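Accompanying notes for the structure given below.
The values are calculated or read from the model by the stated rules, or taken from the named source; none is laboratory data. Everything numeric here is computed off the predicted structure, so don't read it as measured data. Every residue, glycine as well, gets a Cβ built from its backbone with ideal geometry; the counts of neighbours run over all protein chains shown.
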Amino acid sequence: MITIKKQFKKHILFKNLIFYLTILICTCFVTNSVFAIRLKDLISIKGVRYNQLIGYGLVVGLNGTGDNKGTGFTTQSLSNMMKNMGIYVNKNKMKIKNVAAVIITSKLPPFARIGNKIDIVLSSVGDAKSLSGGTLLLTPLKGVNGQVYAIAQGAVAVGGYGASGDAGGGTTKNHPLVARIAGGATVEKEIDFALNDKHKLLFSLKNPDFTTACRLSDAINKKTGKNSAVTLDSSTIQVNIPASMHSKVPGFIASIELLEIQPDTVAKIIVNEKTGTIVVGENVRISTVAVSHGNLSITIKETVKVSQPEPFAKGSTVIVSDTKIDIDEENKKVILIPEGATIGHLVRALNAIGVTPRDLISIFQSIKALGALQADLEII
């Protein structure tokens with residue numbers, strides 16, 4: 001009976017071991033795939049881009065939170081609009097507290113067609129207090145060439161509010177002078193750009209790097225089975241489209257944009273001294289250095305005392321200053337960082353002497369000055 005129990009326990013332990021080994025192997029595969037990035041997330045295609053649009057309009061229906069009477073362009077804009085509608089009014093007698101002048105901005109997506117809806121952002125240009133509850137009147141949106149590409153109109157959505165009294169003061173949440181209308185503009189004109197019948201495409205890396213560009217070309221050539229991709233420089237890859245796909249360029253792009261590669265990056269450390277934020281890249285390496293970092297505190301305390309002579313003694317009462325100086329120097333250990341240390345080694349070593357982010361900035365600057373930091377140190 002005892003032998004059977006021992007064999008049963010061994011069997012359970014063996015099954016558990018197999019189970020944990022399986023999880024470990026699966027985890028390794030998952031971890032490796034995390035570092036692979038899709039081609040579509042690394043590049044942009046020359047000619048396929050957003051185009052900026054801008055317009056000037058009026059938001060009406062505000063509850064007394066619009067521009068003041070002294071805002072001349074708002075008064076003039078409202079007067080012109082009324083005249084275009086056949087209503088003639090004296091602009092000097094107009095009250096515009098329920099109207100606000102705004103600048104509308106938007107982005108026209110690539111391949112946008114007539115009738116498509118796009119989002120718009122409205123920003124107050126006068127002295128309005130809030131755009132909450134307003135409605136944007138019909139406004140044309142123009143491109144850099146001055147042509148109208150979209151028409152905007154609709155009720156605005158403000159992600160905040162503001163309230164104040166006649167005596168001043170008040171409260172404000174978020175920013176009530178910037179609003180957004182989802183699908184608030186309709187595309188009225190298309191930008192001509194055809195992919196079909198193209199013989200080649202130019203891919204631009206969002207983060208230029210020779211190694212990444214070459215890996216990308218190799219992945220495309222392996223997928224197509226031909227030397228169709230050529231690396232021109234650190235950010236440009238020229239892809240020659242096979243003759244059989246000249247009339248099916250979108251399908252060709254779809255067939256390669258899901259390719260996954262591991263991008264490479266330069267060794268860099270970003271330091272923001274204003275906030276104490278430090279971001280260290282994985283390829284950062286450090287030559288052999290010894291680091292010791294401590295703070296020296298000097299405290300000077302002065303005490304004022306009154307000195308009086310003894311009774312019946314010749315002398316006078318005087319004021320005497322008593323100065324006390326304390327010097328306190330932190331006892332920090334000296335750590336040795338070996339050559340080729342990775343960021344993991346560095347963090348563990350610096351944590352051992354209890355450095356703060358502010359201390360870490362000084363340490364990185366000192367190591368860089370020594371020439372032992374094999375990375376770019378960028379301070380923003």
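Could you list all residues from region 281-324 that are at pLDDT 75 or above, in contact with a Leu (Cβ under 8 Å, 6 or more places away or on another chain) and part of a strand (DSSP E or B)? Residues satisfying the conditions are Ile286, Val289, Ala290. Annotation: Val99 fulfils all but one of (1) in contact with a Lys or Arg (Cβ under 6 Å, 6 or more places away or on another chain); (2) touching a residue at least 24 places away in the same chain (Cβ under 8 Å); (3) β-branched (Val, Ile, Thr); the unmet one is (1).
Taking Leu370, is it among the aliphatic types (A, V, I, L, M) and either within 25 Å of the chain's Cα centre (by Cα) or modelled with pLDDT under 80 (or both)? Before the answer, list the steps.
Numbers: among the aliphatic types (A, V, I, L, M): yes; either within 25 Å of the chain's Cα centre (by Cα) or modelled with pLDDT under 80 (or both): no.
No: the conditions fail for Leu370.
The C-beta contact set for region 280-298 (first residue more than 22 Å from Asp376 (Cβ to Cβ), second residue of a type in the set (Gly, Ala, Ser) and at pLDDT below 75, distance under 7 angstrom, 6+ apart or interchain) is empty.
Among the residues of region 255-280, those identified as modelled with pLDDT under 90 and in a strand (DSSP E or B) are Lys268, Ile269, Ile270, Val271, Asn272, Thr277, Ile278, Val279, Val280.
Are any residues in region 97-147 under 21 Å from Glu188 (Cα atoms), polar (S, T, N, Q) and part of a loop (DSSP other than H, G, I, E, B), and if so, which ones? Asn116, Asn145, Gln147 - these are the residues of region 97-147 that are under 21 Å from Glu188 (Cα atoms), polar (S, T, N, Q) and part of a loop (DSSP other than H, G, I, E, B). Is there a residue in region 259-267 that is without any contact (Cβ under 8 Å) to a residue 60 or more places away in the chain and closer than 25 Å to Phe111 by Cα? No: zero hits. Restricting attention to region 69-93, the residues being at pLDDT 85 or above and either surrounded by 15 or more Cβ atoms within 10 Å (Cβ to Cβ) or under 36 Å from the mean Cα position of the chain (by Cα) (or both) number 7.
When residues in region 220-250 are screened for being in contact with a helix residue (DSSP H, G or I) (Cβ under 7 Å, 6 or more places away or on another chain) and outside any loop (DSSP other than H, G, I, E, B), 8 of them pass.
Only residues that are among the β-branched types (Val, Ile, Thr) and in contact with a strand residue (DSSP E or B) (Cβ under 7 Å, 6 or more places away or on another chain): list them for region 228-271, please. Listed by number, the residues that qualify are Val230, Thr231, Thr236, Ile237, Val239, Ile241, Ile261, Val266, Ile269, Ile270, Val271. For region 47-68, taking the residues that are part of a loop (DSSP other than H, G, I, E, B) and surrounded by 20 or more Cβ atoms within 10 Å (Cβ to Cβ), the one that is modelled with the highest pLDDT is identified as Leu62.
The residue that is farthest from Ala254 (Cα to Cα), counting only those in region 183-213 that are among the charged types (D, E, K, R) and in a loop (DSSP other than H, G, I, E, B), is Glu188. Looking at region 177-192, is at least one residue at pLDDT below 75 and under 30 Å from the mean Cα position of the chain (by Cα)? No: region 177-192 contains no residue that is at pLDDT below 75 and under 30 Å from the mean Cα position of the chain (by Cα).
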